[in-house]
């Protein structure tokens, strides 16, 4: 009986496998998730402002779908746009439509912004503003239909009719207005902040004259040309930052009186709802103290300090104030003060009204509001650090209810009034599912369930693991990807893919289960892939992250070596054939493991690695490491230039020559140190690529990495 | 009987081998020829001006040796120098002594020049001139004991007492006086020309304001710093050149009226013996025509054109005029006009008096004069292109006699009056031999016969070969180095090492026989090394070189493939394991072979390769290729950027990041082209090295290259 069952199962398996016998090409493995192997999706899925209706793209037309009736109505087609704009441009596909309001849209094509108006019921399209060639820094104000944009280092403002004027007149190239400052740290993702009613334009101004130039060579021009960037290295002089407020009505700019402009950051910039105040957090350069201030928009004077936040290690602001709809004097403040990123309700006098969320999990985003229910829609790691699920939480009593219980990675789009939402999610078993639903009520409608694009491919066996960190107590999440035809009696080489730096988590409950089709590719070619988020990585709370403070790399490696210990305990792992690969912080980890724990890994590939934190940017580095002059032993411990002689095994370093994040000098100095000590290693450079090699050239990169493991590890 | 003989020979061989059983370390192979495995030599071997006596270093003292009596006399010791100069410097070893005249010397230590005077019979040393820190551009006038040197882009002159004044006052960094111009082409190896009696100082002035900047990054400074160089690429704007004559007496500079300053070169600069005229050849930018002019030193006016030289392809001046001692109106002119580099006697009216040398061989250098016998001492390839032997040739009747018949590479030092000479030479069997002799007479004295420093090492079997070029007639010299324990029944991998560019010859009749201990090292590790000087290389005459005109690479490869054909005909060569390696032009050849004749070589290593002649310098490139705008098909044929998809086999490219000869952009653009076409190759860069990797880091380089062949070819 048992024998028969086995036979039947075997036959079933054979039948099953024969449907899953395809293997990935390298192109599939690298680009497939965004191209031929991408799960189906709905395009241009967006709520129409003020309406119980959303849009989607269907047959080259933008379709309006009303909820809950699901009535569909064609708004306009690509042909309509082309018919009206044929004299100015040729649209090959529907541009990405953005809504001012229910009757007004805008879209960008090339360097030109267009508007579409349906005030009279018919959609009329016209050219709005033409940006300088290739300019990517721009911001739209929906209230007054204005467009702020950069022209070189100056800021311009176009009105609803497309009439432009200069907001700033910086003659000195080192002064830049209206662009992102502080190198995108502290959640700074914009250089312009329109006021709620569009009457003012707040903008950052930075003076980089004290910041060192770093050379970046354009190799494609003949002769090659230096196009230096301003790069502030840890411990050195930094940007000086201002916040200006421009009034289109008066044409005047008032700079907020934030005190000295050096050695602090202006973060959390948020307009007060009535446009009379603006809130700015002053974060000391040490990043150990933050002061939330309120400034008078007309005079620039500081009118109040609401509160301070301090931490022995660092505070890390990343979100603005979220004013509560209908409550102009109340806002949500994000803080890790209690160990996990949670929401706190304050009033504008700086009084803490209540802690809205709490627990051993973190809030990831605020996605919408239900004013009637006094609920905030959030995404969070409440279910597990590997899930991002959606909740509505009452801002007064903290009562929390799930909006969709399904495990996985969810993204919410909430209608203007908060009554409806669209949830797009995936998990190990669901490539993509999109539903529309009521936020408070039973109605729900499935919009899409994507087919599994990988169903014909050999699927690796995947094990989700929990491994105890080097502290002997903290559980760490890990994943092991086994070859599809795994045989426990064989010995397999293993590649540890890692990052383990702050702000990043590699393992998510999403599709595909492996997390990356290149892992599947490698598994199909006889490798085991192992990935683990050790202490220092994101979504696990402040203690988990801050264990690395002043010692980047050290504890992270101890944790990764726990993972290695687990691997070595497995009979089917060949402990003599362990490889490691990572990029950026992961490149730092990879190189550190080869030099500070030599002999563990036989083969390593490090991409864009930090080699010496003294050469990394101020904002990030000083948060985790303090300044070099204040933590010389920490910089010495983590610095790799004087440890090259420890290298055992094969190491390939890869860098992008255009890298202005981890500058090329890291690996160039590392090479030089290796050469000086007669240490052999391998090297490759991508002359036209920045910090990452993306696009079609990524196939070349991953082939190079694969070839290296095939040559020396397999 | 025969069996016994074989046995005896075998025993003898075993005995012989046991004395030669050492193998080279990589350090031996790379640095040994200049360090631990260097044949003995005599240091500071130099004729004392006006004397029948030379110096040598012995027991840390400079010893005077009189000829023919060979009486030795201590001149001064290192201790003497230190005793007198203890307050200014500490000399660890005897500095290199240069003679003004029989009683006056000078030497340089660090940035300081010192003088030594023995007018009163005792040597007195004192500080003379201190150069700007690290300055390497300086010239000494022995007549008036003056020193010209650079300070930035300006020229300075110090008198016999060390008093300095500025000769030029260039404010613009793009104007440089007193330095080498035209990138050292056309035999230009100096920027200053003192007049015969020291009354004037002629100097080059170049204006590089029209020449493109090329970025060179100093990776050792933090942050990295761009230190651009002026790099004139083929077809683009070039340096503008002047020749100025400065009179220390008047303090005035007169610029010679050489016509326009653009698009021609000032070559062959030579003072007339009486200091009233200076001779300059005007070489058109096309390099197809040269005009030898005579200029009045006081007015700068051109007073005569002596003659012109033309060639359909190019003329290539490389030597000044050599005025014949005692004949102020006669000089020797070097020319390839009859197909080989020979000497021609002219008078200063431009009349050809006679052709001094002739034959299917070339003159390499003029080393001295025997005025009484009307003889010039020359080195030449008369014996064979692989030998450089010494002759005395009568400048009136061309009668030529050898000074030393021994085959090999000879270097002559001739006494002031021409009566004595020192010959230092080596050949396959003689590591180094130095003799002193009479130039006209029987006396000869052996000064040194160096022991064989390699006698304990396994010597590869070396075959000297002659292979017919692709034209079906020209004999090409080649060398094959077989493993020491060569077994003709085995199959060996072969590495072809090549250069094959103009002006260079790889094979010489010198020590060690292989030409390079790395070849011996590779042979000891089981490789056959093959080297051949194909058409286009030096010492074989004009036709041999000019076959490559407008098509660099094409015929050179055809010839190298003849060598490959020979290799493939050998039963012990594994035709599936052929490798190729070369640097600079040899890197161009290597990469070209991989892309234009794919499939021949399995593994290639190209160092500092030219990838596209449009990115190489004007002076060299336009000689052989004309301008890109005049020879687009030749540049297209030789350019490698659009041929990357042809690559078969493994290719490692190596470049020095400081390379200002073949700029780094060559290989960076090549990488980019490979990446864009998804072509895999390997790459390595030496961040601190220029066009070649020299010094101790060369061990790292050669290990890298060796590892690559070991990994993929062995």
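The values are calculated or read from the model by the stated rules, or taken from the named source; none is laboratory data. Bear in mind that the values here come from a model prediction, so they are computed numbers and not experimental data. All Cβ positions, glycine included, derive from the backbone under ideal geometry; neighbour counts span all protein chains shown.
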Does residue B:163 satisfy the condition of being surrounded by fewer than 17 Cβ atoms within 10 Å (Cβ to Cβ), away from chain A (no Cβ under 14 Å), without any contact (Cβ under 8 Å) to a residue 24 or more places away in the chain and more than 22 Å from residue B:263 (Cα to Cα)?
-> yes
With the condition kept exactly as written, say whether any residue in region B:451-464 is part of a strand (DSSP E or B), in contact (Cβ under 8 Å) with a residue 60 or more places away in the chain, crowded, with 22+ Cβ neighbours inside 10 Å and under 26 Å from the mean Cα position of the chain (by Cα).
-> no
Return yes when residue B:671 is buried (at least 22 other Cβ atoms within 10 Å of the Cβ), modelled with pLDDT of 95 or more, assigned to a strand (DSSP E or B) and within 13 Å of chain A (Cβ to nearest Cβ) and no when it is not.
-> no
Assess whether residue B:176 counts as being outside the structural domain of residue B:106 (by TED's automatic domain parsing), touching a strand residue (DSSP E or B) at 6+ places or on another chain (Cβ under 6 Å) and part of a loop (DSSP other than H, G, I, E, B).
-> no
Residue B:107 fails exactly one of (1) under 26 Å from residue B:320 (Cα atoms); (2) buried (at least 18 other Cβ atoms within 10 Å of the Cβ), namely (1)
Only one of (1) within 8 Å of chain A (Cβ to nearest Cβ); (2) over 16 Å from residue A:682 (Cα atoms); (3) out of contact with any strand residue (DSSP E or B) (no Cβ under 8 Å at 6 or more places or on another chain); (4) outside any loop (DSSP other than H, G, I, E, B) does not apply to residue B:633, and that is (1)
If you take the residues of region B:702-714 that are within 8 Å of another protein chain (Cβ to nearest Cβ) and touching a strand residue (DSSP E or B) at 6+ places or on another chain (Cβ under 9 Å), which of them is nearest to residue B:214 (Cα to Cα)?
-> B:704
Considering region A:543-553 alone, what residues qualify as being crowded, with 17+ Cβ neighbours inside 10 Å and in contact (Cβ under 8 Å) with a residue 60 or more places away in the chain?
-> A:544, A:546, A:547, A:548, A:549, A:550, A:551, A:552, A:553
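Conditions (1) without any contact (Cβ under 8 Å) to a residue 60 or more places away in the chain; (2) closer than 30 Å to residue B:451 by Cβ; (3) surrounded by 18 or more Cβ atoms within 10 Å (Cβ to Cβ); (4) in contact with a strand residue (DSSP E or B) (Cβ under 8 Å, 6 or more places away or on another chain), marked per residue:
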{"site": "B:72", "(1), (2), (3), (4)": "yes, yes, no, yes"}
{"site": "B:76", "(1), (2), (3), (4)": "yes, yes, yes, yes"}
{"site": "B:93", "(1), (2), (3), (4)": "yes, yes, no, no"}
{"site": "B:96", "(1), (2), (3), (4)": "yes, yes, no, yes"}
{"site": "B:119", "(1), (2), (3), (4)": "yes, no, no, yes"}
{"site": "B:124", "(1), (2), (3), (4)": "yes, no, no, yes"}
{"site": "B:127", "(1), (2), (3), (4)": "yes, no, no, yes"}
{"site": "B:148", "(1), (2), (3), (4)": "yes, no, yes, yes"}
Give the number of residues within region A:219-234 that are touching a strand residue (DSSP E or B) at 6+ places or on another chain (Cβ under 9 Å) and either farther than 17 Å from residue B:226 by Cβ or without any contact (Cβ under 8 Å) to a residue 40 or more places away in the chain (or both).
-> 9
Failed item in (1) more than 8 Å from chain B (Cβ to nearest Cβ); (2) under 22 Å from the mean Cα position of the chain (by Cα); (3) buried (at least 18 other Cβ atoms within 10 Å of the Cβ), with residue A:690 passing the rest = (3)
Got at least one residue in region B:674-682 being part of a strand (DSSP E or B) and either at the interface with chain A (Cβ under 8 Å from one of its Cβ atoms) or closer than 21 Å to residue A:652 by Cβ (or both)?
-> yes
Can residue B:168 be described as in contact with a strand residue (DSSP E or B) (Cβ under 7 Å, 6 or more places away or on another chain), in a loop (DSSP other than H, G, I, E, B) and within 15 Å of residue B:192 (Cα to Cα)?
-> yes
When region A:231-256 is checked residue by residue, the ones that are away from every other protein chain (no Cβ under 14 Å), out of contact with any helix residue (DSSP H, G or I) (no Cβ under 8 Å at 6 or more places or on another chain) and within 23 Å of residue A:187 (Cβ to Cβ) are A:240, A:242, A:243, A:244, A:245, A:246, A:255, A:256
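Could we say that residue B:270 is surrounded by 17 or more Cβ atoms within 10 Å (Cβ to Cβ) and either closer than 20 Å to residue B:194 by Cβ or within 14 Å of another protein chain (Cβ to nearest Cβ) (or both) here? Spell out the reasoning first.
On the way: surrounded by 17 or more Cβ atoms within 10 Å (Cβ to Cβ): yes; either closer than 20 Å to residue B:194 by Cβ or within 14 Å of another protein chain (Cβ to nearest Cβ) (or both): yes.
Against the criterion (surrounded by 17 or more Cβ atoms within 10 Å (Cβ to Cβ) and either closer than 20 Å to residue B:194 by Cβ or within 14 Å of another protein chain (Cβ to nearest Cβ) (or both)), residue B:270 qualifies.
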Across region A:184-217, what is the total count of residues that are within 9 Å of chain B (Cβ to nearest Cβ) and either closer than 17 Å to residue A:242 by Cβ or without any contact (Cβ under 8 Å) to a residue 40 or more places away in the chain (or both)?
-> 3
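Per-residue answers, yes or no, for (1) outside the structural domain of residue A:207 (by TED's automatic domain parsing); (2) farther than 17 Å from residue A:245 by Cα:
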| position | (1), (2) |
| --- | --- |
| A:136 | yes, yes |
| A:139 | yes, no |
| A:144 | yes, no |
| A:147 | yes, no |
| A:157 | no, no |
| A:162 | no, yes |
| A:165 | no, no |
| A:170 | no, no |
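Here is a yes/no grid of residues against (1) surrounded by 24 or more Cβ atoms within 10 Å (Cβ to Cβ); (2) in contact (Cβ under 8 Å) with a residue 40 or more places away in the chain; (3) not assigned by TED's automatic domain parsing to the domain that holds residue B:589:
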| residue | (1), (2), (3) |
| --- | --- |
| B:506 | no, no, no |
| B:515 | no, no, no |
| B:526 | no, yes, no |
| B:533 | yes, yes, no |
| B:538 | no, no, no |
| B:541 | no, yes, no |
Part of a helix (DSSP H, G or I) and in contact with a strand residue (DSSP E or B) (Cβ under 8 Å, 6 or more places away or on another chain) - does that describe any residue in region B:534-555?
-> no
Got a sec? Which of B:395, B:369 is more than 26 Å from residue B:65 (Cα to Cα) and crowded, with 22+ Cβ neighbours inside 10 Å?
-> B:395
What number of residues within region B:586-630 satisfy the criterion of being within 14 Å of chain A (Cβ to nearest Cβ) and not in a loop (DSSP other than H, G, I, E, B)?
-> 8
For region A:636-668, what are the residues that are assigned to a helix (DSSP H, G or I), more than 11 Å from chain B (Cβ to nearest Cβ), in contact with a helix residue (DSSP H, G or I) (Cβ under 7 Å, 6 or more places away or on another chain) and under 26 Å from residue A:713 (Cα atoms)?
-> A:643, A:644, A:646
